[in-house]
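Report on the structure given below.
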Amino acid sequence: MTVGKVVNKIIGQAANKKIIKMAIEKDVPILLRGETGTGKSSIMREISETVNIPLSRVNLNGQTSVDEFVGKWLVKDGATYWVDGVLISAMKKGHIIIVEEINAALPEILFVLHSLLDDNKCVTLTEKDGEIIHPHPDFRFIATCNPSEEYVGTKELNKAFISRFACVLEFNYPDAKTEAKILINRTGISAFDASGLAYYAKEIRNLKARNDIYFTLSTRDLLNWATFLSDLGNKEAFEVTVLNKANSEDREELKRIFKFMFTAAEATYNELNRSGFDDSSIDGYIIDEETPMEVMF
């Protein structure tokens, strides 16, 4: 379990932010669904600070036991004592709990959540003489999941369980222009470099959508790439933060697109620098979603 504070304000996802805040105000559970690295957890860290309610987070990996989640008896010096799990602790303290990868939960955990997400909003500790836990007034329940067909150990959530959530929000990757601004805001790279990385991600995701490759390039990957860019140079930063994560079949295609886009871009950038280029005007140099690749690079 971790309790986090937001460090950076999230750019984009305005509609989802608005609905999440409404759900917190109305005290209803919500499910955030989308690819890895689309900001599901980050947005909750920001909102947690905004509404001034601490955030507890637990990642279900298919091995997380109901004891870790709810609680268990331990023995010390010949005496037994009860330790609350992450869910019960958050319920008592009045935290927002974000349960990551809920579609990787064991059946025993889902059984506990069925009770919590019903109208009576309680959890019965059968191992603790049937004690009934009702949540603190500030407690809120948020769950996330990735697409089940692409992530090992996850499964499709059944309709009865999904119906317990007041709403399901879809998280998609931002458009290229917004993603470039995220990279600039978070890492301080130039607008020109940010545009290149964002447009590369757009091309890779298009290949993924057509089932030409399996690899998904997330905003988190781009942030890592941008972080190492100035120290390692573009090619090596790309290799260690993106390319080496892909399977052998996808690597050749990732390298081909990289070479096609960035060899020309580097030459263009060098020429612009020689002529006194200044990319301080962000909107002047960040690509538009409709900008053809051959025009930008």
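Here are the numbers for this structure:
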{"item": "The stretch 89-106 residues that are touching a residue at least 12 places away in the same chain (Cβ under 8 Å), paired with ones that are hydroxyl-bearing (Ser, Thr, Tyr) (beta carbon under 6 Å, 6 or more apart)", "result": "90/56; 95/56; 96/48; 97/56; 100/144; 103/148; 103/154; 104/154"}
{"item": "Residue match in the stretch 76-85 (condition: touching a residue at least 12 places away in the same chain (Cβ under 8 Å) and among the basic types (Lys, Arg))", "result": "no"}
{"item": "Answer from 36, 64 - the residue that is surrounded by 15 or more Cβ atoms within 10 Å (Cβ to Cβ), touching a residue at least 40 places away in the same chain (Cβ under 8 Å), in the same structural domain as residue 166 (by TED's automatic domain parsing) and out of contact with any strand residue (DSSP E or B) (no Cβ under 9 Å at 6 or more places or on another chain)", "result": "36"}
{"item": "Counted residues, the stretch 191-220 - those being assigned to a helix (DSSP H, G or I) and closer than 13 Å to residue 258 by Cβ", "result": "8"}
{"item": "Members of the stretch 111-125 that are modelled with pLDDT of 90 or more, surrounded by fewer than 17 Cβ atoms within 10 Å (Cβ to Cβ) and part of a loop (DSSP other than H, G, I, E, B)", "result": "121, 122"}
{"item": "From the options 183, 229, residue that is surrounded by 19 or more Cβ atoms within 10 Å (Cβ to Cβ), in contact with an Asp or Glu (Cβ under 7 Å, 6 or more places away or on another chain) and assigned to a helix (DSSP H, G or I)", "result": "229"}
{"item": "Qualifying residue in the stretch 254-273 (condition: under 25 Å from the mean Cα position of the chain (by Cα) and at pLDDT below 85)", "result": "no"}
{"item": "Candidates 74, 55, filtered to the one that is under 13 Å from residue 142 (Cβ atoms) and either hydrophobic (A, V, I, L, M, F, W, C) or not assigned by TED's automatic domain parsing to the domain that holds residue 121 (or both)", "result": "55"}
{"item": "Given (1) of a type in the set (A, V, I, L, M, F, W, C); (2) free of Cβ contacts under 8 Å to residues at least 40 places away in the same chain; (3) outside any strand (DSSP E or B), number of the condition residue 157 does not satisfy", "result": "(2)"}
{"item": "Residue satisfying all of: in the stretch 202-249; modelled with pLDDT under 95 and aromatic (Phe, Trp, Tyr); farthest from the chain's Cα centre (by Cα) among these", "result": "214"}
{"item": "Subset of the stretch 80-99 that is assigned to a strand (DSSP E or B) and hydrophobic (A, V, I, L, M, F, W, C) - its residue that is nearest to residue 51 (Cα to Cα)", "result": "96"}
{"item": "Of the criteria (1) in contact with a Phe, Trp or Tyr (Cβ under 7 Å, 6 or more places away or on another chain); (2) among the aromatic types (Phe, Trp, Tyr); (3) surrounded by 21 or more Cβ atoms within 10 Å (Cβ to Cβ), which one residue 69 fails", "result": "(1)"}
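The values are calculated or read from the model by the stated rules, or taken from the named source; none is laboratory data. From a predicted model like this one, the values you see are computed outputs, not experimental measurements. Note that each Cβ is placed from the backbone with ideal geometry, even for glycine, and that neighbours are counted across all protein chains shown.
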